[in-house]
Structure formats: structure tokens, C-alpha cells
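The values are calculated or read from the model by the stated rules, or taken from the named source; none is laboratory data. These numbers come from a predicted model, not from an experiment. Backbone-built Cβ (ideal geometry, glycine too); neighbour counts: all protein chains shown.
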Amino acid sequence: MKRYWMLCIAAVMLLPGCNTDTETTETGNIRQAEKDTASIAAGAPEAAAADTILQAVVHLTLTASGNSLEEMRYDQDTLEAKAGALIKLKLINEAEDMTMVHNVVFTAPGKYKMVALAGEQLGASGNYVPDTTTVIASSPIALPGQTVEVEFTAPLKPGNYEFVCTYPEHWRRMHGVFKVK
Ligand SMILES: [Cu+2]
């Protein structure tokens, strides 16, 4: 009986060491969970490939303004990101005129006009975004005064990709270069 109690005391004395181990494990699990969330948010196979390194996150804001076809514009003609980064882009539509409906669609190099014309053909029922591999990502439509968001993984291959508003006729003034480095 005496021996049994001795063992219990020894076990209690060892406990602080055990606690430290538990904390370390928990922190590890939390980090793993964050990583998983980032991969799911990106929703792309590239994200899974980058699983061992934390994916870089780039926050971008693009503002659309102007109240006519002649004045409408994005505030930037160039956006930049590292290859494979998780892009979190906000599109702010500052227009007040109800015809100024915008989106932002990221396309393969040299394809912005082709994608915009295909989107125009689809019309509102297709959200003005064609289902093609030349489209990398697209935001929802932002009505005047609205802000919308889009999240996607930047291409792994560096290059001068493009972005465009695919609402009918808007590609003429609303497009730019998406530099992936
Ligand atoms: Cu537009």
C-alpha cells in the first residue's frame, strides 16, 4: 500500500512536464487548421501543392467609378501579385448611375477582350462570365454603391495576365494587366 502512494506522488511530480507537451501539441494543431482553411478557401489544386508552406495572402482593392460609358473606369490599370499567392480582392463600385454595373474577371494573357465578348453573349443569365479555362477567377456583379469580393489563387506561372469588366461594352475602358511575378 505504501508503495502505491509513492507511485502516485511520483506521477503528480511528473505532471508539469506532461502539461508542457500538451500545449505544444495544441499549438501545432491550430497551425495545421489555419493552413487547411487557407487551402480550402483557395479551392485550387495549386493550394494543395503548397501545403507544406503557408500560402502568401495578398489583399487588393479595385475601385470602379464614373457614371457613363465614357467616364467609367477602374482606378488601377495594373495589379500585382506573387505566383501562387492567395488573392483577396475587393471591388468597390462607386458609381451612382443604375446602368453602371461592374465585375472583375481575371483572364489568361491576351484574352481579356475575347472573354468579355463571350460574357456579353451569355448575358445576365450567365452572369456575363463564360465557362472557359481562359478565365482564372471572377467576382460577382457589383451594383452601383456595392462592394463585392473574390478570392482565388494567383497562377503559378509568372506572366502578364489580364483583368476586365465583362458587363456589355465595358471591356473597352475597364481592363488592365495582372502582373504575376
Ligand atoms: Cu463595368
Inset, instruction - Go through the residues of the range 110-130 one by one and say whether even a single one is under 15 Å from T63 (Cα atoms) and more than 12 Å from the ligand (Cβ to nearest atom). - result: no
Legend entry - Enumeration of residues in the range 138-172 that are crowded, with 18+ Cβ neighbours inside 10 Å and more than 16 Å from the ligand (Cβ to nearest atom): F152, T153, A154, P155, Y161
Legend entry - Per-region count, the range 142-160, residues in a loop (DSSP other than H, G, I, E, B) and within 22 Å of E96 (Cα to Cα): 4
Inset, instruction - Just give me the residues in the range 89-109 being within 16 Å of the ligand (Cβ to nearest atom) and farther than 20 Å from L69 by Cα, in sequence order. - result: L89, K90, F106, T107
Inset, instruction - Of the conditions (1) of a type in the set (D, E, K, R); (2) modelled with pLDDT of 95 or more; (3) more than 19 Å from S138 (Cβ to Cβ); (4) more than 12 Å from the ligand (Cβ to nearest atom), D36 clears all except one; give me its number. - result: (2)
Legend entry - Exclusive hit being touching a strand residue (DSSP E or B) at 6+ places or on another chain (Cβ under 6 Å) and surrounded by 21 or more Cβ atoms within 10 Å (Cβ to Cβ), set V105, V57: V105
Inset, instruction - Kindly establish whether L86 is within 11 Å of the ligand (Cβ to nearest atom) and buried (at least 23 other Cβ atoms within 10 Å of the Cβ). - result: no
